[in-house]
Amino acid sequence: MKSIVKSAIAAAAFAAASVASASSVTFNFADQIFIGYPATYTESAGGLSVTVTGFSANGTPAALDVDWLLGLGVVEYKSKWVPFFGTITYPEADKRVEGGEYLVFKFSEAVTLNNFKLLDLPFSTNSFLLNGSPVSTHGLTTPIGLTDTFVFKSTHDAFRVKSLTVTPVPEPESVALLLAGLGVVGFVAARRQRSL
């Protein structure tokens with residue numbers, strides 16, 4: 001009987017550890033050439049998806065630019081006067097997010113943010129907020145999260161997001177169902193042992 005209980009406890013611990021140690025997924029925004037300036041950008045990897053939306057400093061939606069090597073940033077709209085056409089407004093890839101603009105990353109499920117890579121312009125002198133809290137522009141020393149939304153904002157200078165590494169957070173219902181199933185297996189094994 002004791003060996004059955006020990007086996008059930010060991011199996012439950014192994015299953016819980018397996019669920020807790022889900023593999024990390026990296027979203028790389030600096031590995032592709034993108035043409036166009038969408039209002040939102042969606043990328044999928046490892047069974048997760050993330051949708052990115054850009055905003056100007058005053059909170060109005062801004063177009064995005066995904067650029068090879070540089071990463072993901074907000075497009076700057078410029079106006080200029082052109083002979084015979086008058087004043088025209090056109091998107092110009094800003095190559096960075098400038099102070100006050102921000103990017104919102106919305107994942108398909110809750111994740112833990114393990115790390116990020118930025119292109120910090122011009123000389124790594126930026127002050128940076130992640131979900132309203134100051135963080136280093138060189139990445140994280142401790143994972144943060146258990147949420148599906150992350151807001152990256154520069155307080156005064158320029159940056160572009162090159163990559164995010166996240167780990168999916170198992171839903172509590174999945175963990176509870178797994179543990180309940182292991183409990184039933186242990187109960188059936190104990191009854192079988194008693195009847196022998």
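The values are calculated or read from the model by the stated rules, or taken from the named source; none is laboratory data. Because the structure is a prediction, the values reported are computed rather than measured. Quick reminder, even Gly has a Cβ in these numbers, built from the backbone with ideal geometry, and neighbours come from all protein chains shown.
List of remarks:
- The range 65-106 holds strands (runs of 3 or more DSSP E) entirely within its bounds, and those carrying 2 or more residues that are charged (D, E, K, R) and modelled with pLDDT under 85 map to 76-82.
- Hits in the range 137-146 - residues which are over 17 Å from Thr112 (Cα atoms) and surrounded by fewer than 15 Cβ atoms within 10 Å (Cβ to Cβ): His138
- Scanning the range 44-60 for residues that are over 18 Å from Ala110 (Cβ atoms) and surrounded by 13 or more Cβ atoms within 10 Å (Cβ to Cβ) yields Thr53, Gly54, Phe55, Ser56, Ala57.
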